[in-house]
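The values are calculated or read from the model by the stated rules, or taken from the named source; none is laboratory data. Model, not experiment: these values are computed from the prediction. Please note: Cβ atoms are built from the backbone with ideal geometry, for glycine as well, and neighbour counts cover all protein chains shown.
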Amino acid sequence: AQTVTQSQPEMSVQEAETVTLSCTYDTSESDYYLFWYKQPPSRQMILVIRQEAYKQQNATENRFSVNFQKAAKSFSLKISDSQLGDAAMYFCALQGAQKLVFGQGTRLTINP
Amino acid sequence: DAMVIQNPRYQVTQFGKPVTLSCSQTLNHNVMYWYQQKSSQAPKLLFHYYDKDFNNEADTPDNFQSRRPNTSFCFLDIRSPGLGDAAMYLCATSGSSTDTQYFGPGTRLTVL
């Protein structure tokens, strides 16, 4: 069975500062993909970043980067220069052979 | 722009009155998914189609059915909605079962 755990139900950060959201996972598969999705109050799930497990290099998308620690089964998301538009629920997710498994989400608040 | 479209965005139905939610995609993806998401929870996969092959999750109630008449469209039928079926219903698509899933904006279902 695959599991994804986000241990921080809520986080807050001051605008322009950096915040890191934590995620750990468990899987017995050797090939898998990890994702961070963002779901703002409008409720559309938007892909933030994707990491292939076979790649050692951490994925980066503009202000968003991950720290992928395969041995520790850890996949944290760093948001630099936080903006008001980053406020949302963030879901970590694991894609194995068939199914996308989500964590329970972290609600991120940006303080102006 | 290629995208995933869901109609309607908001649907109100009466207890026990059948309702159909629709999803269409212009991405020409093989796989289409239906998720149920209740407030402050992670999305829960109901079923998915790989091309015309239907895959039902073991814990999806019989009350939920799906149809995929062609590559572009997929429907979610709720035969006799109960109060517990009130939720956001998300449609997603991917090129293959291991590719990134792209989500539509969702349909919020209210059951009176």
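Structure notes:
- Residue list for the range B:41-73, restricted to those being closer than 30 Å to A:THR106 by Cβ, touching a strand residue (DSSP E or B) at 6+ places or on another chain (Cβ under 8 Å) and either part of a loop (DSSP other than H, G, I, E, B) or among the hydrophobic types (A, V, I, L, M, F, W, C) (or both): B:ALA42, B:PRO43, B:LEU45, B:LEU46, B:PHE47, B:GLU57, B:THR60, B:PHE64
- Close Cβ contacts (under 6 Å, 6 or more residues apart or on different chains) running from residues in the range B:19-41 that are among the small types (Gly, Ala, Ser) to residues that are in a strand (DSSP E or B) and modelled with pLDDT of 95 or more comprise B:SER22/B:PHE75; B:SER24/B:ILE5; B:SER24/B:PHE73.
- Options B:GLN25, B:GLN37, B:GLN14: the member that is under 12 Å from B:ASP85 (Cα atoms) and buried (at least 19 other Cβ atoms within 10 Å of the Cβ): B:GLN37
- Number of the exception - A:VAL4 against (1) under 24 Å from B:GLY95 (Cβ atoms); (2) within 9 Å of another protein chain (Cβ to nearest Cβ); (3) in a loop (DSSP other than H, G, I, E, B): (3)
- Qualifying residues in the range B:71-99 (those that are surrounded by fewer than 15 Cβ atoms within 10 Å (Cβ to Cβ) and among the polar types (S, T, N, Q)) - the one nearest to the other protein chains (Cβ to nearest Cβ): B:SER96
- A count restricted to the range A:66-105 and to residues that are out of contact with any Asp or Glu (no Cβ under 7 Å at 6 or more places or on another chain), more than 9 Å from every other protein chain (Cβ to nearest Cβ), in a strand (DSSP E or B) and over 15 Å from A:TYR33 (Cα atoms) stands at 3.
- Listed by first and then second residue, the pairs linking a residue in the range A:22-35 that is outside any loop (DSSP other than H, G, I, E, B) to a residue that is among the acidic types (Asp, Glu), with Cβ atoms under 7 Å apart and 6 or more places separating them unless they lie on different chains, are A:TYR33/A:GLU52.
- Sole exception among (1) among the polar types (S, T, N, Q); (2) out of contact with any Leu (no Cβ under 7 Å at 6 or more places or on another chain); (3) more than 14 Å from chain A (Cβ to nearest Cβ) for B:SER66, by number: (2)
- All positions within the range A:41-62 that are farther than 23 Å from A:GLN2 by Cα and either surrounded by 14 or more Cβ atoms within 10 Å (Cβ to Cβ) or among the small types (Gly, Ala, Ser) (or both): A:SER42, A:ARG43, A:GLN44
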